[in-house]
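What follows is a set of notes on a single structure, which appears directly below.
The values are calculated or read from the model by the stated rules, or taken from the named source; none is laboratory data. Worth saying up front: this structure is predicted, and the values here are computed from it rather than measured. Methodologically, a virtual Cβ is constructed for each residue, glycine included, from the backbone with ideal geometry; neighbour enumeration extends over all protein chains shown.
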């Protein structure tokens, strides 16, 4: 099967040694995607005509990556909201990771809560899967994932038509959701930082299912 072309948003990196900021992406992503036959196409934050760029790239899907808090860099917020609008209009699958999941939630009218619970920062924890719709390849309903965020989404703060499909076993915060009408999924953990088969399958199956 021909490799998929997946656009991926980039974080903004302020530069202390130069007068201008930089866009960046963790090395984890290209390495991770290469192993599942996906070519990553980086999406800059500074384009005036982001829609034309996305048209020219002929993408099979889009990943909204992690890093940066929403509101920290308005340019990135604006770019990712435009990406969401474009992808929805063009019926392009979207996978949001950590911050990416959070901006999807806000796009659909939800909001996030900043938590002081250190169990969400740099620590692994268990989640409960409550659907087989996306996780059909799993042999059990409980898996361990990583966690690198200070923000959480709870049931009453979830955006319109977003359906929880996984929750934190301890505090019941939402760890993954899908949209009921669009091909959109979000995870609060970072699949690219977990090299196991479950996370490779999650992204591979999500994007490949649209191509069959």
Checking residue 156 against (1) surrounded by 14 or more Cβ atoms within 10 Å (Cβ to Cβ); (2) assigned to a helix (DSSP H, G or I), only one condition comes out false. Which one? (1)
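Okay, residues lined up against (1) over 14 Å from residue 129 (Cβ atoms); (2) in contact with a helix residue (DSSP H, G or I) (Cβ under 7 Å, 6 or more places away or on another chain):
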| position | (1), (2) |
| --- | --- |
| 162 | yes, yes |
| 169 | no, no |
| 180 | yes, no |
| 194 | yes, no |
| 200 | yes, no |
| 204 | yes, no |
Given the criteria touching a strand residue (DSSP E or B) at 6+ places or on another chain (Cβ under 6 Å), in a strand (DSSP E or B) and within 17 Å of residue 176 (Cα to Cα), does residue 104 qualify? no
Answer yes if at least one residue in the range 72-85 is crowded, with 18+ Cβ neighbours inside 10 Å, within 15 Å of the chain's Cα centre (by Cα) and on the phi > 0 side of the Ramachandran plot, and no otherwise. no
Count, please, the residues in the range 174-212 that happen to be in a loop (DSSP other than H, G, I, E, B) and without any contact (Cβ under 8 Å) to a residue 24 or more places away in the chain. 5
Just to check your reading of the model, which residue among 7, 67 is within 15 Å of the chain's Cα centre (by Cα), in a loop (DSSP other than H, G, I, E, B) and crowded, with 20+ Cβ neighbours inside 10 Å? 67
Filtered residues of the range 10-30 (kept if farther than 15 Å from residue 76 by Cα and surrounded by 12 or more Cβ atoms within 10 Å (Cβ to Cβ)): 26, 28, 29, 30
Which numbered condition in (1) surrounded by fewer than 20 Cβ atoms within 10 Å (Cβ to Cβ); (2) modelled with pLDDT under 95; (3) over 21 Å from residue 13 (Cβ atoms) is the only one that residue 145 fails? (1)
